[in-house]
Amino acid sequence: SQQGEEDPQALSIQEGENATMNCSYKTSINNLQWYRQNSGRGLVHLILIRSNEREKHSGRLRVTLDTSKKSSSLLITASRAADTASYFCATDEYGNKLVFGAGTILRVKS
Amino acid sequence: KAGVTQTPRYLIKTRGQQVTLSCSPISGHRSVSWYQQTPGQGLQFLFEYFSETQRNKGNFPGRFSGRQFSNSRSEMNVSTLELGDSALYLCASSFLAGGYNEQFFGPGTRLTVL
């Protein structure tokens with residue numbers, strides 16, 4: 001079962017622009033993680049935000065978490081062509097069992 | 001530190017055969033989880049192993065099984081393959097088993113069932 005939805009399903013932007021992806025989930029969580037996947041390859045871990053955190057930064061990434069709305073957003077600033085990938089949020093349903101959203105396909109045009 | 005490794009990277013099998021996939025976690029990580037990714041169902045949890053014990057299992061038929069060895073390496077087996085088993089199989093490793101942990105994924109094994 002999928003925990004929630006990612007929005008938008010696909011996003012196309014120019015290099016240098018910012019990209020924002022949203023994720024909603026259904027149940028209480030301990031933490032939420034964001035992953036990137038290039039062309040059907042493995043998932044690259046981007047960032048983990050705990051349920052008691054509201055915002056977290058890592059390089060050009062900014063993640064927010066609103067547990068009252070059961071939603072999270074991932075902002076990529078100053079995007080590059082190399083950021084072209086699918087982005088997934090994942091929540092921990094039980095222990096290390098991750099429940100993934102359907103993902104957002106990001107295309108950055110150079 | 002070396003990342004999560006999975007072998008083989010690609011496999012082609014025919015219906016009815018069985019297959020075994022292997023995953024070596026990051027050194028020091030004791031939890032290994034397996035996921036199936038298909039275009040239709042997305043990423044779905046198969047099972048998790050920690051210290052050679054299955055801790056959690058997803059909603060997959062009994063044809064899907066796994067095990068973990070004392071060195072934390074894990075194998076996943078699918079018997080009596082069906083066309084619908086064609087997928088990217090990903091394993092993830094984590095230091096601990098109780099959640100709150102970052103999970104790091106391997107490159108995956110692409111299984112094609114003909």
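Within segment A:80-110, track down each residue that is open to solvent by less than 40 Å² (accessible area, probe 1.4 Å) and assigned to a loop (DSSP other than H, G, I, E, B). Residues satisfying the conditions are A:G95, A:N96, A:G101, A:G103. From the list A:I13, A:I29, pick out the single residue that is in contact (Cβ under 8 Å) with a residue 12 or more places away in the chain and within 14 Å of chain B (Cβ to nearest Cβ). Just a single option satisfies the conditions, and that option is A:I29.
Each residue in segment A:32-57 was checked for being among the charged types (D, E, K, R), part of a strand (DSSP E or B) and away from chain B (no Cβ under 14 Å), and 1 of them qualify. Inside segment A:12-50, residues that are within 20 Å of B:W34 (Cα to Cα), among the hydroxyl-bearing types (S, T, Y) and surrounded by 14 or more Cβ atoms within 10 Å (Cβ to Cβ) make up a count of 1. Evaluation of A:T77 against the conditions (1) open to solvent by 40 Å² or more (accessible area, probe 1.4 Å); (2) at pLDDT below 95 shows that the sole unmet condition is (2). Counting only strands (runs of 3 or more DSSP E) that sit completely within segment B:32-114, those holding 3 or more residues that are within 19 Å of B:Y10 (Cβ to Cβ) correspond to B:74-78, B:87-94, B:109-113.
Residues of segment A:32-57 being touching a Phe, Trp or Tyr at 6+ places or on another chain (Cβ under 9 Å) and modelled with pLDDT under 90, which ones? A:G42 - this is the single residue of segment A:32-57 that is touching a Phe, Trp or Tyr at 6+ places or on another chain (Cβ under 9 Å) and modelled with pLDDT under 90.
The values are calculated or read from the model by the stated rules, or taken from the named source; none is laboratory data. Because the structure is a prediction, the values reported are computed rather than measured. So basically every Cβ, Gly included, is an ideal-geometry build from the backbone, and we count neighbours across all protein chains shown. For accessibility, only protein heavy atoms count, side chains too; no ligands or nucleic acids. Shrake-Rupley method; radii C 1.70, N 1.55, O 1.52, S 1.80 Å.
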